[in-house]
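A short worksheet on the structure shown next.
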Amino acid sequence: MSAIYILWLRELKKYSRSRTQIVASMGQPLLYLLVLGFGLGPVFQKAGGGSYLQFVAPGVIGMVVLFTSIFSGIALLWDRQFGFLKETMVAPVPRILVMIGRTLGGATVSMFQGTLMVIVCLIAGFRPTSLTLVPLAILFMLLIAIVFAALGVAIGSSLQDMQGFQLIMNFLVMPIFFLSGALFPLNNLPKALAFVTRLDPLSYGVDGLRGALIGITHFGIATDLIVLAVVAVALLYVGAWRFSKIEV
C-alpha cells in the first residue's frame, strides 16, 4: 500500500509543477462551454430543450476529466522514453501496485481539473438543480477518471513510442468524447448511432453527471453507476495485465 501512496503523491507533484499546462488544458473545454453554450443557446431553447448552457456544462466537465485522465496514463510513454519508468520498475514491489498507484494518481489529478471546470461553469452561469446530489456528481467524476486513467495506462503500456499518440487522439479519444452525448441529447438518434453511443463508457458518465446536476438522464442513474463500475474493474484488470508485460 505504501508503494501506491508514493506513486499517487508523485503524480500530484507533477500536477503541482505544471501550472501552465493546467491553464492550457482548460482552453478547449472553455471553447465548447462558452462558444457552444452561448452560441447554440437560442437554437436549443427554440427547439424546446431549455438552456443549452445547463445541458452542455456536465458534458464539458466530463470532457475535462476524460482528457486529463487518459493522457495521464499515456504519459507513461514519456517516463519510458526518459528513463523514469525504469527507476519505478526496479522497486521491490509488485507491478500491479505500481499500476494502481499511477492510475489513482492520474484519477486524482483529473478530479482536480474537473473541479476547476465546475467552478468555471458556475461562473459562466451554470446552476445545479439540487445541491444534495452534488456528491453523486463527484462520484461520477471519480468513476470517469478511474475508467480512463486505467485505459490510458493500458494504452501507454502497449505503445512503444510517441508515434502512435496522434493515432490514439484522432481515432479513440475524440470519438469517445463526441459519441458520449456531451454536446447533444441521446434521444431519438438513428439506431446505428444510438447503438454506438451505448458502447461508449463516457456516455454513462456524462449521463450520470447530468442526472446528478440537472436532473436529466437517458439511461438512468443506477444503470450509469453499474456500467461505469464494471468498466472500471475491467479496465483496471486489462491495464494491470498490460503493465505487467512492459519491458524496460
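We did not get these values from a lab; they are worked out from the coordinates using the rules stated. The model shown is predicted, which means the values in this text are computed figures rather than measured ones. Glycine also receives a Cβ, built like all others from the backbone with ideal geometry; neighbour counts cover every protein chain displayed.
Counting other Cβ atoms within 10 Å as a rough exposure proxy, the listed residues T108, T115, T103, T129 run T129, T115, T108, T103 from fewest neighbours to most. With a Förster radius of 45 Å applied to the C-beta separation of Q160 and I119, the computed FRET efficiency comes to 0.70.
Label-to-label distance for W78 and V196 is 3.1 nm, based on points extended 7 Å past Cα in the beta-carbon direction. Pairwise Cα distances in region 147-248 exceed 16 Å in 62 percent of cases. At 0.36 nm per residue, minus the direct Cα-Cα distance, what do S244 and N170 gain on full extension? Give it in nm, one decimal, please. Extra length from S244 to N170 when fully extended: 24.0 nm.
Protection proxy ranking for 33-41, 208-216, using the average of other Cβ atoms within 10 Å per residue and placing the highest first: 208-216, 33-41. Extension gain, T223 to V43: 0.36 nm times the residue separation minus the Cα-Cα distance gives 61.8 nm.
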